[in-house]
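To start, the structure under review is shown below, and the notes come after it.
The values are calculated or read from the model by the stated rules, or taken from the named source; none is laboratory data. Since the model is a prediction, treat every value here as computed from it, not as a measurement. Here the Cβ positions follow ideal geometry from the backbone for every residue, glycine too, while neighbour counts run over all protein chains shown. Protein only, heavy atoms only, side chains kept; ligands, DNA and RNA dropped before computing areas. Shrake-Rupley method; radii C 1.70, N 1.55, O 1.52, S 1.80 Å.
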Amino acid sequence: MVCDGKGRPRLLHLSEGQANDYKTAAAAIEDLPAAKSLLADRAYSSAAFRQALVERGITPCIPPHAKHRVQHSYDSVLYRQRHRIENMFARLKEARRR
């Protein structure tokens, strides 16, 4: 799910449950809307995905996995805005129950 800065959904890409997150995101990278940065959780921390974002002019804000050899830096202040994405998922799940 790709959301705008206010937590509104902009792009939904469904995949099977066992699919790797960053591989699914890489498949949808051409459909990403124009953006300055992209906030994502550690599941999307791969060198290939980061490079694809940079090639599109998007700054990745993705914390690295603790086990990765290369620890990429990220803007921790900007990353705190990721709660808006989590809130959007909570609203979707709440609407499902009605």
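Scan 84, 80 and give me the residue that is open to solvent by 80 Å² or more (accessible area, probe 1.4 Å), touching a residue at least 40 places away in the same chain (Cβ under 8 Å) and either in a helix (DSSP H, G or I) or not small (Gly, Ala, Ser) (or both).
When all the criteria are applied, what remains is 84.
Every residue in the stretch 1-43 that is of a type outside the set (Asp, Glu), open to solvent by 60 Å² or more (accessible area, probe 1.4 Å), free of Cβ contacts under 8 Å to residues at least 24 places away in the same chain and not in a loop (DSSP other than H, G, I, E, B), please. 10, 23, 27, 42, listed by residue number. Which ones in the stretch 62-77 are touching a helix residue (DSSP H, G or I) at 6+ places or on another chain (Cβ under 8 Å) and either exposed (fewer than 10 other Cβ atoms within 10 Å of the Cβ) or in a strand (DSSP E or B) (or both)? 70, the sole residue that qualifies. With the structure loaded, tell me whether residue 52 is among the aliphatic types (A, V, I, L, M) and either touching a residue at least 24 places away in the same chain (Cβ under 8 Å) or loosely packed, with under 13 Cβ neighbours inside 10 Å (or both) or whether it fails that test. Yes, satisfied.
Just one of (1) hydroxyl-bearing (Ser, Thr, Tyr); (2) open to solvent by 80 Å² or more (accessible area, probe 1.4 Å); (3) at pLDDT below 90; (4) touching a Ser or Thr at 6+ places or on another chain (Cβ under 6 Å) fails for residue 59. It is (3).
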